[in-house]
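The values are calculated or read from the model by the stated rules, or taken from the named source; none is laboratory data. Predicted model only: the values in this text are computed from it and were never measured. A quick note on method: Cβ atoms are made from the backbone with ideal geometry, for glycine too, and the neighbour counts reach across all protein chains shown.
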Amino acid sequence: MQHYSMNLKLKVWRQKNSHDQGHFENYDVKDISSEMSFLEMIDVLNERLIKEGHDSIAFDHDCREGICGMCSMVINGQPHGPWKGTTTCQLHMRAFKDGDVITIEPFRANAYPVIKDLMVSRSAFDRIIQAGGYVSVNTGNAVDGNAIPIEKDKADDAFAAAACIGCGACVAACKNASAMLFVSAKVSHLALLPQGEPERKQRVVSMIAQMDKEGFGSCTNTYACEAECPKEISVMNIARLNREYLQSSLSGS
Amino acid sequence: MLDSKIPGGTLDSKWTKYKGNVKLVNPANKRKLEVIIVGTGLAGSSAAASLGEMGYKVKAFCFQDSPRRAHSIAAQGGINAAKNYQNDGDSVYRLFYDTIKGGDYRAREANVHRLAEVSTNIIDQCVAQGVPFAREYGGLLSNRSFGGTQVQRTFYAAGQTGQQLLIGAYQALERQVALGTVTMYSRHEMVELVIIDGKARGIIARNLVTGELERHFGHAVLLCTGGYGNVFYLSTNAMGSNVTAAWKAHKQGAYFANPCFTQIHPTCIPVSGDHQSKLTLMSESLRNDGRIWVPAKQGDNRPANEIPEEERDYYLERRYPAFGNLVPRDVASRAAKERCDAGYGVGSSKQAVYLDYAAAIQRYGKAEVSKRNLGNVAPDVITALGKEVVKEKYGNLFDMYAKITGENPYEVPMRIYPAVHYTMGGLWVDYELKTTIDGLYALGEANFSEHGANRLGASALMQGLADGYFVIPYTLGNYLADDIRTQSISTDHEAFVAAEKKASDRINTLMSIKGNQTVESFHKRLGKIIWDKCGMARNAEGLKQAIKEVQALKAEFWSDVRIPGEINGMNPELDKAGRVADFIELGELMCLDALERNESCGGHFREEFQTPDGEALRDDENYMYVAAWENKGNSWELHKEILNYEIVKPSQRSYK
Ligand SMILES: Cc1cc2nc3c(=O)[nH]c(=O)nc-3n(C[C@H](O)[C@H](O)[C@H](O)COP(=O)(O)OP(=O)(O)OC[C@H]3O[C@@H](n4cnc5c(N)ncnc54)[C@H](O)[C@@H]3O)c2cc1C
Ligand code: SF4
Ligand code: FES
């Protein structure tokens, strides 16, 4: 792999707090190595800003390996940037070339108020889980792990849905700011497993109700969510959610 | 006096007997008892959910924006349990024995046995929550093997086991939030512990969004705040992982045990440059199928694929024929360092070895051909089928490698090197997980127990969940049963006022320094000192020097750090400054502990103490104890908990 160095122009969203209007700020960054991660590039800029007496750019991140769901950012119009199936923290600078202009904004949605700069609040997702995204089993109540065999295909599908990292890119990608992909991933994960069966009907209804209450938009099947999802959660899950929802409403529970 | 409060009776009856005799709190009283849980990783989430279900009033805290994002989410390879589903001779005793031996005989027998006992309940609990573990075609749970063992007892969900387990615990936690038993405080950081009449009674937490300091009362406080691997700056831990909560407790009287026992994981992606902010683990499960090698010739610069079989040195298989690539982590890490130091390293930095999947791809490919009855097929069909199998098992890890390095690990061997990964040391706790401060408990990686001087793979997840689901629900009741008459203490109490003032004074001091150097630059320098002198190999000379360097760094930090932004509002640099300040103090204690322990054991390798063939040389006569350090302001006093081995006979660990 050939490494190279580049100079870039960044347009970064700066916003002091949730009351502030916010604006774009331009920064030139120099000698960025193609081996760096995108966030390391911002680290370099932040070190410079601090030295120059400015406030650093606030952004969310923690694991930096694509699993915690903490990092966000819309990069050149795309949540998590240009690489498919990749979080912002896994994006590397070899995705860019010398002289590129990069626009960096927070995830935008009514349900995601900006806290500062590129950081938003996604606590609505926790409340959607509270509405029913679980199996009601107390500690110590479980039967042997092998007591209920689960077909491998089903277990694999449940796992694929459960791989959602709750990052919210699906919401940021959607022109309606719908949270359907996120909700459908959780509904699918649990609906596919026998353990999720007893609460299946109630779960989907309650979670959808909470989603609406949080101010997320409705799904009009444009599938921008799937295209930007870093974990490539399939829109098939939305179809499954719709079936689940319909069945639950028909059976009147 | 350090009393580990190990119950009497035979080893395998202790926990049962303890549970049978433990004091209980009745449901009406539980509703009046408040419990503070700091941390929502596997240990904290499972404890919060379980205690909430039992009826306690729980307040849980984490610094991330959601409890689901705790560092446990990143665990990859799996979780151990003595289920013996594979019928390969596993048992509670064997898991216990492997853990004690893997820990190089520096762990407490009673705790480890309890861990092995409850391990089976953990799997049942997780399955019931809907954790989608890997399964066989027959629908039953699948297992893989991990380093340091000869049975298959590791349960997994692709390379995302921690994620799936944490989501299970997180969902159980959120269910309790919905039921009103748990109140969740995300984006909150504990910055001080409140002690009243010798008992932990609350915390001061900084609301990271508004910058406000908040006072929270609890009848008991549980620290589930994870490990301190980030003292090294570069580690596989999440960026925010820190020692602050444990350190605040330590400064107020909680002993810190075995701080020098840190784990360097053998298979991580090597450092690529100065800009590097963290290191990425390649799960140990990869050592199951991958073969580790370096060129047999020093300084061989040919690409890996051009080096013929007979010119490769599979040094783990050569040195440890019985365990081969599956030796414990400390052994594998040192062996890699030995080869690189001797000039056999690969890649541009020469600080790397190969982890090769070519043989595994062929093996799996051939197995598929016979499974599917394909008869005679072309070699590239075998390769393609083999890649498919490898992709199913390890796909996300291979993807991660490709994203970071830009290389395709299905085609060329991965380059790996050891990196800081886990900390066995932590707050000293007794059998009940209570620290030396009454009412203050430590769970998960934050405590020192169970893993001795080296942790076996897939056993941290097991320990975190054991502590939270199955241990603390009993042991906490034993303490709180005597506290049912204690009314909630008002947070206007002078102890709260004083603790808040201490926290705010410190923040004001940090902000007022207005020096010239960034927090990050101090952290990097600290990391380098600790990695060079208290890392994979240590010696007395280096450690003494490191202590001086860390002390000097501390003085420089407190006079020249520059923190931008404001106190009243979101300020990540200020949060980081508080954490780094604590890491600096911890760094000194780590070196002191390493210097004091004149032996090699597990992850603690003192160059002066090794066998002729370079293995760790323990000194059981003089060092078979837990080193528990008491903070005395500017110095520390050592207390020893002598370890008694009633069942296992310590011997030199051999994986040959
Ligand atoms: C990359 C990687 C892979 C791993 N893979 C495996 C594996 O396959 N198998 C295995 O057994 N182990 C594995 N481990 C180890 C294992 O993941 C950890 O030891 C374990 O998850 C720790 O869990 P915990 O609950 O103790 O702490 P953590 O998960 O680290 O959680 C700490 C919690 O404390 C909170 N916190 C910390 N400080 C404060 C504060 N001051 N105020 C408020 N909140 C605070 C955080 O917000 C967080 O919620 C791996 C570790 C790494 C780094
Ligand atoms: S569905 Fe995808 S984009 Fe949406 S929260 Fe989950 S991982 Fe993120
Ligand atoms: S920082 Fe964890 S997913 Fe990006």
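The figures follow:
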quantity: Near pairs, Cβ below 8 angstrom, 6+ apart or cross-chain, from the stretch A:78-94 (more than 11 Å from A:Arg64 (Cα to Cα)) to any residue that is within 16 Å of ligand 1 (Cβ to nearest atom) and of a type in the set (Lys, Arg); calculated: A:Trp83/B:Lys403; A:Thr86/B:Lys403; A:His92/B:Lys403
quantity: Residue tally, condition in contact with a Leu (Cβ under 6 Å, 6 or more places away or on another chain) and either part of a strand (DSSP E or B) or more than 17 Å from A:Thr87 (Cβ to Cβ) (or both), over the stretch A:100-131; calculated: 2
quantity: Extreme residue, farthest from A:Val101 (Cα to Cα), among residues of the stretch A:24-39 that are more than 8 Å from chain B (Cβ to nearest Cβ) and either in contact with a Phe, Trp or Tyr (Cβ under 7 Å, 6 or more places away or on another chain) or among the hydroxyl-bearing types (Ser, Thr, Tyr) (or both); calculated: A:Ser34
quantity: Subset tally (residues that are within 16 Å of ligand 2 (Cβ to nearest atom) and farther than 22 Å from B:Trp247 by Cβ) for the stretch B:20-66; calculated: 2
quantity: Candidate set: the stretch B:71-108, residues that are in a loop (DSSP other than H, G, I, E, B) and facing another protein chain (nearest Cβ under 8 Å); chosen: the one nearest to B:Leu461 (Cα to Cα); calculated: B:Lys83
quantity: Hey, A:Val135 part of a loop (DSSP other than H, G, I, E, B), touching a residue at least 60 places away in the same chain (Cβ under 8 Å) and not assigned by TED's automatic domain parsing to the domain that holds A:Asp20 or not; calculated: yes
quantity: B:Gly218 being in contact with a strand residue (DSSP E or B) (Cβ under 6 Å, 6 or more places away or on another chain), among the small types (Gly, Ala, Ser), within 14 Å of chain A (Cβ to nearest Cβ) and more than 16 Å from ligand 3 (Cβ to nearest atom); calculated: no
quantity: Answer residue from the stretch B:558-606, given it is among the basic types (Lys, Arg) and in a helix (DSSP H, G or I) and is farthest from the other protein chains (Cβ to nearest Cβ) among those; calculated: B:Arg579
quantity: Within the stretch B:218-238, tally of residues that are in a loop (DSSP other than H, G, I, E, B) and closer than 16 Å to B:Asp582 by Cα; calculated: 5
quantity: Residues (within 11 Å of another protein chain (Cβ to nearest Cβ) and either in contact with a Cys (Cβ under 8 Å, 6 or more places away or on another chain) or part of a loop (DSSP other than H, G, I, E, B) (or both)) located in the stretch B:166-181; calculated: B:Gly168, B:Gly180
quantity: Index of the failed condition, B:Ala116 passing every other in (1) more than 17 Å from the chain's Cα centre (by Cα); (2) within 14 Å of chain A (Cβ to nearest Cβ); calculated: (2)
quantity: So B:Ile195, is it surrounded by 24 or more Cβ atoms within 10 Å (Cβ to Cβ), among the β-branched types (Val, Ile, Thr), touching a strand residue (DSSP E or B) at 6+ places or on another chain (Cβ under 9 Å) and under 28 Å from B:Pro473 (Cα atoms); calculated: no
quantity: Matching entry among B:Tyr185, B:Tyr228 (being outside the structural domain of B:His523 (by TED's automatic domain parsing), more than 16 Å from the chain's Cα centre (by Cα) and either surrounded by 24 or more Cβ atoms within 10 Å (Cβ to Cβ) or within 10 Å of ligand 1 (Cβ to nearest atom) (or both)); calculated: B:Tyr185
quantity: Looking only at the stretch A:78-99, and only at residues there that are more than 8 Å from chain B (Cβ to nearest Cβ) and either among the polar types (S, T, N, Q) or in a helix (DSSP H, G or I) (or both), the one that is surrounded by the fewest Cβ atoms within 10 Å (Cβ to Cβ); calculated: A:Ala95
quantity: Any hit, the stretch B:55-78, residues being without any contact (Cβ under 8 Å) to a residue 12 or more places away in the chain and within 13 Å of ligand 1 (Cβ to nearest atom); calculated: yes
quantity: Every residue from the stretch B:585-613 that is exposed (fewer than 15 other Cβ atoms within 10 Å of the Cβ) and farther than 18 Å from B:Ile547 by Cβ; calculated: B:Thr611, B:Pro612, B:Asp613
quantity: Positions within the stretch A:84-110 being within 14 Å of ligand 2 (Cβ to nearest atom) and among the aromatic types (Phe, Trp, Tyr), in sequence order; calculated: A:Phe107
quantity: Lone unmet requirement of (1) in a loop (DSSP other than H, G, I, E, B); (2) in contact with a Ser or Thr (Cβ under 7 Å, 6 or more places away or on another chain) for A:Ser56; calculated: (2)
quantity: Tally, over the stretch A:40-77, of residues that are closer than 26 Å to A:Lys175 by Cβ, within 16 Å of ligand 2 (Cβ to nearest atom) and either buried (at least 18 other Cβ atoms within 10 Å of the Cβ) or at the interface with another protein chain (Cβ under 10 Å from one of its Cβ atoms) (or both); calculated: 9
quantity: Total residues in the stretch A:62-76, condition near ligand 3 (Cβ under 6 Å from one of its atoms), on the phi < 0 side of the Ramachandran plot and out of contact with any Phe, Trp or Tyr (no Cβ under 8 Å at 6 or more places or on another chain); calculated: 5
quantity: The stretch B:46-65, residues that are at the interface with chain A (Cβ under 8 Å from one of its Cβ atoms) and under 20 Å from the mean Cα position of the chain (by Cα); calculated: B:Ser46, B:Gln64
quantity: Residue count, the stretch A:206-223 (criterion: buried (at least 18 other Cβ atoms within 10 Å of the Cβ) and in contact with a strand residue (DSSP E or B) (Cβ under 9 Å, 6 or more places away or on another chain)); calculated: 4
quantity: Helices (runs of 4 or more DSSP H) completely within the stretch B:297-380 that count 3 or more residues being acidic (Asp, Glu); calculated: B:329-341
quantity: Checklist (1) within 14 Å of another protein chain (Cβ to nearest Cβ); (2) surrounded by fewer than 24 Cβ atoms within 10 Å (Cβ to Cβ) applied to B:Ser241, failing item; calculated: (2)
quantity: Of all residues making up the stretch B:91-143, the number that are without any contact (Cβ under 8 Å) to a residue 12 or more places away in the chain and aromatic (Phe, Trp, Tyr); calculated: 1
quantity: Residue list for the stretch A:174-199, restricted to those being in contact (Cβ under 8 Å) with a residue 24 or more places away in the chain and either within 16 Å of ligand 3 (Cβ to nearest atom) or among the charged types (D, E, K, R) (or both); calculated: A:Lys175, A:Phe182, A:Ala185, A:Lys186, A:Glu199
quantity: Qualifying residue in the stretch B:474-486 (condition: in a strand (DSSP E or B) and more than 16 Å from ligand 3 (Cβ to nearest atom)); calculated: no
